[in-house]
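Enquirer: Can you keep this structure in mind? I'll have questions shortly.
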Amino acid sequence: MNQNHLDTLIRAHRHATARHQASLDRREAMDDFWRGANAVWGRVQLDMGARLSRSARRLQSRLDRRVARC
């Protein structure tokens, strides 16, 4: 085995290692993205629940006032 062959093997190994690491990094980035998206969706759902609750309270208040007038 000469030096050129050894250098080729080393470069091939480094390339394979870099490809594997890139794959892991992509997977981690996708996981981070979906974790963030899920957190945002959870906050949106909570906000929607709070809005609906507020809306229901306001509607009930209006109905109570209307009944009190009649």
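Enquirer: Round to the nearest 10 and give me the degree value, 0 to 90, for the angle of helix 3-69's Cα axis relative to the longest principal axis of the chain.
Expert: It is inclined by approximately 0 degrees.
Enquirer: Follow-up. Just to be sure I understand, if you calculate volume of the Cα convex hull per residue in Å³ for this structure, which of (1) 103; (2) 34; (3) 75 do you get?
Expert: After the calculation, the listed value that fits is (2).
Taken together, the values in this text are just the output of simple stated rules run on the coordinates, not laboratory data. All values derive from a computational prediction rather than experimental measurement.
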